[in-house]
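Heads up, the thing below is written out as structure tokens.
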Amino acid sequence: MGIRVESPGIQTTVQDEGRFGYQQFGVSPAGPMDRRAFHIANILAGNDRTEAALEMTFQGADLVFEQENIIAITGGDLSPRINGNPVDMYRALEVKEGDLLSFGFASGNGCRAYVAVSGGLEVPVVMGSKSTLMRNQLGGVKGRKLEKGDRIGFRSPKSRLNQMDRRILKPERYWGQEIVLRVVTGPQDTEFEEEEIRKFFWYSAVITNEFDRMGCRLERKEPLRHKKDGNIITDGIAFGSIQVPTNGQPIIMLADRQSTGGYTKIGTVISVDLPRLVQSVPGNRVRFVRVGIELAQSLYIREVEELNQLEADLNRKE
């Protein structure tokens, strides 16, 4: 017993840390769009931070609990309620058998929410991961987003966790009319004149409606111009890679990106800034700031250490 889906929302999928080691065969990692929110949800729920959780986009699901457990909800505010009563995000919550966890639409602070359950979800492991990759129909529940009537079991449900009263954090703030993303340039920045690179960092772009788990297409008032064109010999793509095809309009590659691509990449958004992007909505503006690899690495290490400390604090015996 576990969860029964009464209403799936717009796009609710099962995601764990991701599916690694298969990009050479054209299978992308998938995994959570907002890794920080995903990790925090699992830590608050008493799980290994890589355990599978539910990711909801823009409109959340309605879920009936068929067994008691502890849950944590993080990420964008989709107005969560239990039995019609508003509940706090970023804290461990007790749910009883028969409780209804429901969500509304994104309400002004982020657009992707995560629900972690103590003990994890009983979902088959496919190629080393439980993550749903919809375009390849892999992982999760039959390789697709959740549908009404789906059931997902609990692996090891809990009725109480250590340090229960301390499993609460201040919710993240995401949205603004304009977000700033730090970028490490390369590997094909040499395909642009220095003046075009300056324009990339000087002028902002708008997030278009072409924004999903695979990528986020931007629109610039003045498209970027290549020295020749936007085509290269196909090479690997990372989470956050910024492709610039021949039309000069950037595309930021995200969790379900293709494993390789044949467009120039002017740079990569640093890992710690990706939540700002994936929690944004079409119409928001994006401005880029150039940073070095050393700063990107030190910020990532700082975030990992912060999560390690949170996990250690909550796992101390009372």
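Straight-distance candidates among the aspartates and glutamates for linking to residue 221, with alpha-carbon spacing under 14 Å and chain neighbours fewer than 8 residues away dropped: 196. The range 268-299 and the range 179-209 have Cα centres separated by 12 Å. Between the C-alpha center of the range 96-157 and that of the range 47-63 there is a gap of 5 Å.
3J(HN,Hα) couplings calculated from phi for the range 168-180 with the Karplus curve 6.51 cos²θ - 1.76 cosθ + 1.60 (θ = phi - 60°) are, in sequence order, 8, 10, 6, x, 6, 10, 10, 7, x, 5, 9, 9, 10 Hz; Gly and Pro show x. Comparing 264, 50, 190 in a Gaussian network model of the chain where C-alpha atoms under 10 Å apart are linked, the largest mean-square fluctuation is found at 190. Charges were assigned to the Cβ only: +1 to each Lys and Arg, -1 to each Asp and Glu. The resulting dipole of the chain about its Cα centre is roughly 220 debye. Show the residues, 5+ positions off or on another chain, whose built amide H is closer than 5 Å to the amide H of residue 254. Those lying under 5 Å, H to H, from residue 254 are 215, 216, 240. For the options 79, 159, 204, a Gaussian network treatment of the chain with springs between C-alpha atoms closer than 10 Å singles out 159 as fluctuating the most.
Per-residue SASA remark: residue 265, around 10 Å² accessible (1.4 Å probe; ligands, DNA and RNA not included). In the structure displayed, which of 145/170; 96/158; 96/170 lie more than 19 Å apart, Cα to Cα? Check vs 19 Å cut-off fails for 145/170; 96/170.
Mind checking which lysines have their Cα closer than 23 Å to the Cα of residue 228? Skip sequence neighbours fewer than 8 apart in that chain. The qualifying lysines are 199, 265.
State in Å² the accessible area per residue of the chain; use a 1.4 Å probe, count heavy atoms of protein chains only, and round to the nearest integer.
Values: 14060 Å² over 318 residues.
Roughly 44 Å² per residue, with all protein chains present.
Karplus-derived 3J(HN,Hα) values for the range 98-105, using 6.51 cos²θ - 1.76 cosθ + 1.60 with θ = phi - 60°, are x, 5, 10, 9, 10, 9, x, 9 Hz; glycine and proline are entered as x. Shown here: volume of the Cα convex hull per residue in Å³, derived from the displayed model; of the candidates (1) 121; (2) 160; (3) 183, it corresponds to (1). What residue among 140, 292, 18 has the largest mean-square fluctuation in a Gaussian network model of the chain, using Cα springs under 10 Å? Looking only at 140, 292, 18, the largest GNM fluctuation is found for 292. Close amide H partners of residue 109, meaning residues 5 or more places away or on another chain with modelled amide H under 5 Å apart, are 77.
A simple packing score, the average count of other Cβ atoms within 10 Å per residue, orders the peptides 306-314, 38-46 as 38-46, 306-314, with the highest score first. Amide H contacts for residue 172 (H built 1.01 Å from N in the peptide plane; partners 5 or more residues away or on another chain; cut-off under 5 Å): 75. Computed from the C-beta positions of residue 1 and residue 168 and an R0 of 25 Å, the FRET efficiency is 0.40 to the nearest 0.05. Residue-wise HN-Hα couplings along the range 131-145, as the Karplus relation 6.51 cos²θ - 1.76 cosθ + 1.60 with θ = phi - 60° gives them from phi, are 5, 8, 10, 5, 5, 9, 6, 10, x, x, 9, 6, x, 9, 6 Hz; Gly and Pro carry x.
With all protein chains present, how much of the accessible area of the range 262-318 (probe radius 1.4 Å) comes from carbon and sulfur, to the nearest whole percent? Write down the numbers at each step before the final one.
On the way: 1510 of 2980 Å².
The computed percentage sits at 51.
Output the relative contact order of the chain, whole-number percent, from Cα pairs under 8 angstrom with separation of 6+ residues. That works out to 20 percent.
Heavy-atom surface analysis with a 1.4 Å probe gives the range 57-207 a carbon and sulfur content of 48 percent of its accessible area.
The values are calculated or read from the model by the stated rules, or taken from the named source; none is laboratory data. Remember, it's a predicted structure, so these values are computed and weren't measured experimentally. FYI the Cβ positions are ideal-geometry reconstructions off the backbone, even for glycines, and counts take in every protein chain you see. Heads up: the accessible areas ignore ligands, DNA and RNA and are worked out on the full protein's heavy atoms, side chains in. Shrake-Rupley method; radii C 1.70, N 1.55, O 1.52, S 1.80 Å.
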